[in-house]
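Asks: Take a look at the following structure, please.
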Amino acid sequence: MSQTNQVTTTSGTPSAPMTPQLVVVLLSLLLGIQPITTDLYLPALPSLTQDLSGSMMQAQLTLTALSLAFGISQLFWGPLSDRFGRRPILVWGMVFFTLSSIGSTIAPTFELLIVWRAVQGAAMGAAVSTARAIVRDLYAPIEGARAMSKGLTGLGVIACLSGPVGAATSYFYGWRTAMGCIVVYGLIITIVLAKHFVETNPYKNPRALSLSVLTGNWVFIAKTPTFWAYTALSIAAYSALFTFLAGSSFVFLEILKISKLELGATMLAISIAYIGGTFLCRRLIVRWGIQRTLRMGGFITLGAGTAMGALPLVGVVGYWSIMVPLLVLLVGHGIHQPCGQSGAVSPFPRMAGAAAALNGFLMMVSAFAVGTWLGDAMDGTVQPMTSGIWFWTVCIAASVWFLVPKWGDLGTPPKGPTPPTRVTPNSSAGVVKP
């Protein structure tokens with residue numbers, strides 16, 4: 001893939017391009033906002049619940065409300081970035097994220113905490129949906145999967161730090177200090193974006209927010225089987241992970257009786273496994289292509305999920321009976337999530353924001369349903385969490401063995417509406433070598 005010498009801005013004035021290394025760093029920071037916002041506060045969840053005199057259901061709402069707001073907001077952020085460009089949406093989204101993180105840190109009641117977490121999730125949608133659209137702006141489908149994998153490797157590194165930092169700060173200084181770390185992260189991203197991010201959208205559509213255009217785009221995306229093949233995969237993969245995230249603190253701390261610091265080490269270990277999966281993904285894609293790589297990942301994921309779900313049913317319950325399958329599962333997740341997210345957006349170069357938004361929205365709706373179900377289903381045993389993960393690994397295997405082989409060809413983009421643009425981009429504008 002050729003490397004461009006310039007990026008054309010809306011005004012037509014050339015601007016210095018971002019290097020491939022800078023793109024990976026920015027993707028890592030933007031995608032890493034998810035584990036920072038969730039993993040970092042998970043070790044503090046039981047003490048937070050006790051300090052604010054809340055229930056387990058309210059504790060789950062701090063996660064599920066964030067996820068639902070995150071999903072819904074992407075339906076707005078995606079078209080906005082198609083209309084005005086990625087840069088203003090990213091910068092303003094991160095300003096709102098930082099302010100809502102401050103509100104979450106100082107919230108005096110559980111009710112206010114839930115409200116601020118919902119606002120935080122809505123602002124987070126700007127970062128993640130726009131990051132996915134940036135990948136499509138800059139890369140062709142195969143290179144996009146590799147670039148997304150690199151960004152998700154960075155996410156894994158951030159997740160490695162999130163668990164231990166959250167555990168240590170909540171253990172020594174309390175849950176508000178752990179939440180304060182999220183404020184610092186938001187400030188860092190806002191400053192980096194303001195100083196270094198160069199607009200990547202060469203197809204700013206002045207009619208992207210028109211109801212008729214927006215409806216036509218949604219309908220076109222929703223009628224494309226390739227979108228659903230990869231979206232089904234990304235939904236199932238994220239739901240399996242979210243089932244673990246929503247139940248882990250209670251399962252490990254209250255049922256298996258490990259310490260907060262041990263939970264931090266656990267989160268570190270699974271993040272390392274996930275990073276290993278993203279490295280494996282990049283190498284296998286080059287050798288085997290996307291579809292064969294995903295099929296192999298299906299065996300890894302289903303085997304791990306079956307072991308995790310079946311062992312408690314036969315009376316084997318313990319830290320390692322969950323941890324070992326979980327580590328294997330996260331390797332599979334490192335294969336499936338980059339391909340699922342980039343594959344869902346790849347067919348839509350001129351409406352990448354809308355496609356990324358719809359994919360993200362559907363993922364978060366599923367996560368909200370998982371969190372709501374788990375809040376009711378947790379019964380003092382590990383089985384709701386382990387059985388839930390098992391179910392989603394079956395869905396992952398079905399997606400990569402049946403849906404993606406039938407509809408997942410990324411070689412020929414679907415024919416669809418061509419939105420009017422304000423710029424005439426160079427044929428390789430914005431494309432960098434991953």
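Asks: At pLDDT below 85 and either buried (at least 18 other Cβ atoms within 10 Å of the Cβ) or within 19 Å of residue 340 (Cα to Cα) (or both) - does that describe any residue in region 387-407?
Replies: Scanning region 387-407, I find no residue that is at pLDDT below 85 and either buried (at least 18 other Cβ atoms within 10 Å of the Cβ) or within 19 Å of residue 340 (Cα to Cα) (or both), so the answer is no.
Asks: Condition (residue is part of a helix (DSSP H, G or I), in contact (Cβ under 8 Å) with a residue 40 or more places away in the chain and of a type in the set (Phe, Trp, Tyr)) applied to region 344-358: is it met by at least one residue?
Replies: No: zero hits.
Asks: Here's another thing I want to ask about it. Out of all the residues in region 305-328, is one or more of a type in the set (Gly, Ala, Ser), part of a helix (DSSP H, G or I) and out of contact with any helix residue (DSSP H, G or I) (no Cβ under 7 Å at 6 or more places or on another chain)?
Replies: yes
Asks: Further, regarding this structure: With the requirement that a residue be out of contact with any helix residue (DSSP H, G or I) (no Cβ under 8 Å at 6 or more places or on another chain), modelled with pLDDT of 85 or more and crowded, with 19+ Cβ neighbours inside 10 Å, what does region 200-223 give you?
Replies: Within region 200-223, 220 is the sole residue that qualifies.
Asks: Let me spell it out: the conditions are (1) buried (at least 24 other Cβ atoms within 10 Å of the Cβ); (2) not in a helix (DSSP H, G or I), and residue 233 meets all of them except one. Which number is the exception?
Replies: Failing condition for residue 233: (2).
Here is a yes/no grid of residues against (1) buried (at least 23 other Cβ atoms within 10 Å of the Cβ); (2) farther than 17 Å from residue 30 by Cβ; (3) charged (D, E, K, R); (4) out of contact with any helix residue (DSSP H, G or I) (no Cβ under 7 Å at 6 or more places or on another chain):
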position: 55; (1), (2), (3), (4): no, yes, no, yes
position: 70; (1), (2), (3), (4): yes, no, no, no
position: 99; (1), (2), (3), (4): no, yes, no, yes
position: 102; (1), (2), (3), (4): no, yes, no, no
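Asks: Examine region 274-291 for a residue that is in a helix (DSSP H, G or I), at pLDDT below 90 and closer than 30 Å to residue 58 by Cβ, and state whether such a residue exists.
Replies: yes
Asks: What pairs come out if I take residues in region 65-86 that are under 15 Å from residue 115 (Cα atoms) and pair them with residues that are modelled with pLDDT of 90 or more and of a type in the set (Lys, Arg) whose C-beta lies under 9 Å away, six or more apart or interchain?
Replies: Within 9 Å, the pairs are 65/117; 66/117; 69/117.
Asks: Another one. Any idea how many residues of region 362-386 are farther than 18 Å from residue 70 by Cβ, assigned to a helix (DSSP H, G or I) and either of a type in the set (Gly, Ala, Ser) or at pLDDT 90 or above (or both)?
Replies: 5
Asks: For region 248-255, check the following and say yes or no: at least one residue is farther than 24 Å from residue 152 by Cβ and among the acidic types (Asp, Glu).
Replies: yes
Asks: Under 6 Å by Cβ, and 6 or more places apart or on different chains, what pairs join a residue from region 379-403 that is more than 10 Å from residue 305 (Cα to Cα) with one that is assigned to a loop (DSSP other than H, G, I, E, B)?
Replies: Listed by first residue and then by second, the contacts come to 382/317; 384/378.
The values are calculated or read from the model by the stated rules, or taken from the named source; none is laboratory data. Since this is a predicted model, take the numbers as computed values, not measurements. With ideal geometry, Cβ positions are generated from the backbone for all residues, glycine too; neighbour counts draw on all protein chains shown.
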